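Below: one structure, written as structure tokens.
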Amino acid sequence: MLQERIPDLAKFVEPDRVRREVYTDPEIFELEMERIHERVWIYCGHESQVPKAGDYYAVQIGRQPMLMVRGADGSVNVLYNRCPHRGNMMCGDRKGNTGDFFRCSYHAWTFQHDGRLRSIPMMESGYEGTRFGKDNPDCSMKRAARVESYRGFVFASLAKDGSSLKEFLGKAIVAFDDMCDRAPGGEVEIVPNCFRVIQHSNWKIFLENQLDALHPSVVHQSTGRAAHEVEKMIAAKAKKQSGGNAAPLSYHMLSAFATVTIDKWDSFQTINYPHGHCILTGYMGLRPQDPDTKAYDKIMIKAYGQKRFEEIVGVNIHHVLLYPGLSVQSPLQQLRAVRPLGVDRTLTEIWHFRLKGAPEAIYRRSLAYYNLVNSPSTLINADDLENFWKCHQGLSSDGGDWVTFGRHYGRDLEKDGMVETAPNCGTSEAPMRNQMKAWAEYMRG
Ligand code: FES
Ligand SMILES: [Fe+2]
């Protein structure tokens, strides 16, 4: 039935609107997994998640349970989490260390860290004269077709053919450069735990929200306002007591959701690239001239020189979206990986990184932001999750057939293969149009 409908999929996407089934039809979801997530480059994790030989991390690519594992030779492998004997899952835990090799818990076949068969109990007597054994590649754990990493960020593609990771990322690769360059050591390392959030909505609803500059001052207004009230109170108290007038920066991080009003978001800009990648420019003003920032600046200038330092901290990025599976907030060292679980269920893993060589206070500051917008106890994330769920509910109804992306449509500026929003159109829905354009291209096969 699905095959019959494939030729019609083109009718589901118009430049400024999309049929609701794109978000709610389980068969379209299956096809998305096959044609998008199990084909393109998907983020697996950061190399620092698996520092020692045998360290592994389970990761979902499309519908496939995979393992990212560090080999004894230092390379990072990505394998299907499946034993070639009778199909047992190799690792049941989310992460761990396999020791010198994988050992299947069912009949004790063992495998090297790169998936190659190492031993089978009584292999010779059991398999002599059969087609099974070390020479048969079907007796090894299957590897992801392609694995590449960029500045420590590991990606895998389950398709043999396709562009290189660098070609795929194109100019959106700046997400990783911006994050790593802000470290005096030029590298970041993972903060060992992430927030894992299961959203009861389609994966595309989350991605479309990431560069939706219209929503923060609406959805997060009540949270921002409450923080702003407290911020003012604390600042007034500080002034009375000590002559100072500043509340801790963490209040400002939240109050900005109310003080940066809708019209100000229009002064940001979106830049839309091939393959659905997009950037929202604009920086949330989290660089006060306090002693911690000054100490950091000093270390950075020593590492890079004044000119390069200014280039690095002057990069004007709010969010980078790497379609179809990653949203990176590089100036704040956090990313959100999207793992679709079903047509109406999406896992996001939200990771935070430490700038190597930066003062502890700088890490604490970005960690505070990470917690303030992502933790289970923050209202910011809850604000978004409520709308994602409600969107999916509405789209599942017969109340209308289309989702519209018409804001500032027709004003986009095309040049050099990318689409920029016109000045003062920061709340444009160009990023959603760009994502759906890529979606339609992938879905055509
Ligand atoms: S299923 Fe793994 S050794 Fe049998
Ligand atoms: Fe939001």
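Odds and ends about this structure:
- Counted over all Cα-Cα pairs of segment 351-424, pairs farther apart than 19 Å make up 66 percent.
- Net charge dipole size for segment 1-120 [Lys, Arg +1 and Asp, Glu -1 on Cβ; Debye, nearest 20]: 460
- Cysteines (scope the chain) whose Cβ has no counterpart Cys Cβ under 4.7 Å: C44, C91, C139, C180, C194, C278, C391, C425
- Placing pseudo-labels 7 Å out from each Cα toward the beta carbon at K356 and D401 gives an inter-label distance of 5.5 nm.
- Angle between the chain longest axis and helix 249-259 axis [Cα atoms, degrees, rounded to 10]: 80
- Hull shadow area, averaged, the chain [alpha-carbon convex hull, nm²]: 25.0
- Within the listed set V18, V230, V69, the residue fluctuating most in the Gaussian network model of the chain (springs between alpha-carbon atoms under 10 angstrom) is V230.
- Förster radius 35 Å - calculated FRET efficiency between S75 and Q221, Cβ distance, rounded to 0.05: 0.15
- The C-alpha radius of gyration of segment 211-251, expressed as a fraction of 2.2 N^0.38 Å, stands at 1.47.
- I362 exposes around 20 Å² of accessible area when a 1.4 Å probe is run over every protein chain in place.
- For the peptides 417-423, 223-229, residues were scored by their other Cβ atoms within 10 Å and the scores averaged per peptide; the highest-first order is 223-229, 417-423.
- Fully extended contour minus Cα-Cα distance, from K240 to T130, at 0.36 nm per residue: 31.0 nm
- Relative contact order [Cα under 8 Å, 6+ residues apart], segment 312-352, whole percent: 26
- Rounded to the nearest 10 Å², the accessible area of K390 at probe 1.4 Å: 100
- Equivalent ellipsoid semi-axes - Cα gyration tensor, segment 260-330, angstrom: 27, 17, 10
- With bins 10 Å wide beginning at 0, the percent of Cα pairs of segment 289-445 falling in each bin runs 8, 26, 32, 24, 9, 2, 0.
- Sorted largest first, extent of segment 180-315 alpha carbons per principal axis (Å): 51, 41, 35
- Per-pair calculated FRET efficiency, R0 = 41 Å: E34 and D263 via Cβ, rounded to 0.05: 0.45
- Ellipsoid semi-axes for segment 1-83, based on the Cα gyration tensor and the rule √(5λ), read 36, 13, 9 Å when sorted largest first.
- Surface share of carbon and sulfur [accessible, 1.4 angstrom probe, percent] for segment 269-343: 58
- Tilt relative to the chain, helix 430-443 - C-alpha long axis, 0 to 90 degrees, to 10: 10
- Spherically averaged projected area of the convex hull of Cα atoms, segment 276-376: 7.6 nm².
- With each label modelled as a point 7 angstrom along the Cα→C-beta vector, the K11-K390 pair spans 3.3 nm.
- Evaluated with a Cβ-only charge set (Lys, Arg +1; Asp, Glu -1), the chain carries a dipole of roughly 1080 debye about its Cα centre, given to the nearest 20.
- Taking segment 123-235 and dividing mean pair separation by its residue count, relative contact order in percent (alpha carbons under 8 Å, at least six apart): 11
- For segment 228-273, radius of gyration divided by Kirkwood radius, i.e. Rg to Rh on alpha-carbons: 1.22
- Potential extension, E229-L347 segment - 0.36 nm per residue separation minus Cα distance: 39.1 nm
- Over segment 68-227, equivalent-ellipsoid semi-axes from the Cα gyration tensor in Å: 41, 19, 16
The values are calculated or read from the model by the stated rules, or taken from the named source; none is laboratory data. For clarity, every value in this text was computed on a predicted model and none was experimentally measured. Because the Cβ atoms are built from the backbone with ideal geometry, glycine has one as well, and the counts that use them run over all protein chains shown. Side chains included, ligands, DNA and RNA excluded: accessible areas come from the protein's heavy atoms. Shrake-Rupley method; radii C 1.70, N 1.55, O 1.52, S 1.80 Å.
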